[in-house]
Each structure stands twice: as C-alpha cells, then as structure tokens.
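Peer 1: Please read through the structure below; I'll follow up with questions.
The values are calculated or read from the model by the stated rules, or taken from the named source; none is laboratory data. Computed from a prediction, not measured in an experiment: that's the story for all the values here. Quick reminder, even Gly has a Cβ in these numbers, built from the backbone with ideal geometry, and neighbours come from all protein chains shown. Heavy atoms of the whole protein, side chains included, go into the accessibility calculation; ligands, DNA and RNA do not. Shrake-Rupley method; radii C 1.70, N 1.55, O 1.52, S 1.80 Å.
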Amino acid sequence: MTLWFVFATMTIAAVFAVVWPLGRRGQPLREGNEVVVYKDQLAELERDAAVGLIGASEAEAAKVEIGRRLLAAAEAGQNAATMTGRTGLRRAVAVLGLLGVPALAVAVYLQLGSPQIAGAPVSARPQTASAAEPIESLIAKVEAHLEKNPTDARGWTVLAPVLMRLRRYDDAARAYRNIITYGTDSAERRADLGEALTAAAGGVITADAKAEFERALALDANDAKARYFTGLAAEQDGRNADAAAIWRAMLDKAPEDAVWRPTVQAALARVSGGSQPSLEALAANKDLSPAERNAMIQGMVERLATRLKQNGDDVEGWLRLLRAYMVLGERDKAQTALAEARQALAGNAERLKQLDAGLKSLGLDG
C-alpha cells in the first residue's frame, strides 16, 4: 500500500504541474492604465501648444508619437480582455486534467488489471503463472525446446526425473543418456540411467542396465543406488548369497538416517529369510507343496529368461535357466533354451566349452 500511495502522489503532482498554469488568472491589465496616461499626455500637449510653450511643428510631431503609443496600448488591452474572458474555459480544462486522467487510469486498471493478486517480483511471475498449467503442457514445451536445442544438458537434467515419475521410462533413459553425452559424466547419472533401463524392462536388470551400474561403481564405489541394483541383479540371477553380502555391506556403512536403508533392509530380509531362495533350494524344499514350489520357481525363471535375452554371454545364467526348466519338468523349454544359449555363445569357444561341461549334470544332450 505504501508503494501505491507514493505512485499516486507522484502522478497527482505531475498532473498538477502541467495543468496549474492553465487555471491561473491572467496578470492584472496594465494596458488600460497606459491608455489613460497617453490621453492625459495629449491633453497636456494641446494646452502647452495653446499657450505657446511648444511650437506648432513640435506639437504635431509629439501628437503623432503619442497617438501611435495610444493605439498600441488600446490594441494590447483588447487582446488581454479576450484572454481574460477565456479563463473559465482554461480552468475547466485544468480540472478535467487533474481529476479525469487519474479517474480514467483507475477505470482502465480495474477493467484490465488484477488488483486482487498480491504483488510479486518480476522474476517470480512466470513461475506463478505457469504453476496452474498442466504438467503435460509444460513437458511438451520443454521437449519442443530440446528438439531445437538437443545439446542443452540442463534441459535434459530437468526433464529426465519428470519422465521417470510419469513412467515414460524409455524417454527417461534417452534423457539420461543425453545428460551424460552433453553434460558431465558421474556415478549418480550412470546409476539413474541404469534405473531407467531397468524400469523400462519391467524391473529386470538387463545387460545394458548392469553395465551402467558397473560404470557408476567405477566412478564411485559407494554410490548407493548402483550398489543396491547390483545386489538386485545378483538376486535375479539366483545368487542370493552374493546379493545378501552386497546389501549387508551397504547397511554396515550407512548412516542410521539414510533414506534408502528401509529398502535395502527389506531386500536383505527377502533373500536371507527364505522368501525367495535359490532355484536349488526351492527344488529341495520339502515344506512347500509342489504347486507352491513350482510357482516360486516360475517367477524366478521368467525374470532370468528375460535377462538372458538381453545378455546372452552369461554361461552361468544359461545353466541356471536350464536347471530350472528341468526342475519344473519342462524339458522342451530346456531344449529350446539350450539352442538359444548355443546361438548366443556361438562366437566364444571357451564359453561354449563351459556350457557343455555344465550340461553333463543336467541330463541334457550336449
């Protein structure tokens, strides 16, 4: 309110300075007094000429000069009278300017402005205006900007986590790749990319995702996200002991208030408590009914098969998958998986030899 009062006072002062001269009364008319003086001078000149105090020629010349001044004074008096007659009009214009201009400004502001909105710095106004804009519209604007400016690492940094929250995982992975390409590489960004790739694969840690987590750990061996997902990859491979070792090490070094501690504790309990044991342990578990045992194995098998389609170089993974199919009594699927394994390992003789050695204990034709 103080600021508005200052502005109003300044406006009134400016208008008053302009219109005040228009409303002033004209100066007192001295021209009327001059006419009287000149007439008196003519009368006195005639008296002097009559008594012989001045010659006839001199009197005539003086009359001409006084007459000229008398005519000029009379004309000036007429002009002054005209201006004096217009004082009322000028005052009306002054009042209109003094009161009408501010009144018009207020009327226009109330019509077009927003007096009910609190004042805010100019820098804060775009954010306030865009707060009510749909998130999809804002994202579209950012994406349009990035199409024209694909090297804007800062723009990708803003967009990537939003895409993750919207479950646009493939787009989020692309955004994280661009952050690394056009920005600076870091363990955090590599781990974020691995997480996006994992989410895009339905929770399965693919070969590409695993590689990103490994790169993150190479940059920072203590990166929590990369270490957690590395343990999850071990669990998905059926290496529960390795997963448990990774997660125990994380908890041993973690502060008590670490935000990720509950997640890691739950994961450790899962692999340590037997809720998701290895394939071999499930097959030997006599406390489970055949249906329960098969259902749990089937879930692990599906995740393992999906990962091997992404990373076919994992000999141990293929052997675990074949063993799982044999446990489930699905020999046909085991034969199909064996053919896929041989095709994936065709370029590596050493790994093919490892595969053949492992087949001897499974009862499959090598």
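Peer 1: Hey, rough spin-label estimate for T263 and A140, points 7 angstrom out along Cα→Cβ, what's it come to in nanometres?
Peer 2: 3.2
Peer 1: Under a point spin-label approximation (7 Å from Cα along Cα-to-Cβ), what is the L166-T9 distance to one decimal in nm?
Peer 2: Simple spin-label model gives 5.1 nm for this pair.
Peer 1: While we're here: What accessible area, in Å² to the nearest ten, does a 1.4 Å probe give for S57?
Peer 2: 90
Peer 1: With every protein chain present, what is the per residue accessible area of region 142-252 (1.4 Å probe, Å²)?
Peer 2: 48
Peer 1: Continuing with the same structure: Given the options S186, V142, A160, identify the residue whose Cα lies farthest towards the positive end of the charge dipole of region 140-200 (+1 on Cβ of Lys, Arg; -1 on Cβ of Asp, Glu).
Peer 2: Checking the options against the dipole of region 140-200, the answer is V142.
Peer 1: Given points 7 Å out from each Cα along the Cα-Cβ axis, report the E350 to T306 separation in nanometres with one decimal.
Peer 2: With each label placed 7 Å out from Cα toward Cβ, I get 3.2 nm.
Peer 1: Same structure, new question: Find how much the distance from D40 to T184 grows on full extension, using 0.36 nm per residue of separation minus their present alpha carbon separation; answer in nm with one decimal.
Peer 2: Here the segment from D40 to T184 would lengthen by 41.6 nm.
Peer 1: Additional query: Is there a pair in K210/K360; K309/K360; K210/K253; K333/K360 whose C-alpha atoms are over 27 Å apart, and which pairs would that be?
Peer 2: Among K210/K360; K309/K360; K210/K253; K333/K360, the Cα-Cα distance tops 27 Å for K210/K360.
Peer 1: For V158, V271, write out the residues from largest to smallest accessible area, computed with a 1.4 angstrom probe and no ligands counted.
Peer 2: If we order V158, V271 from most to least accessible, we get V158, V271.
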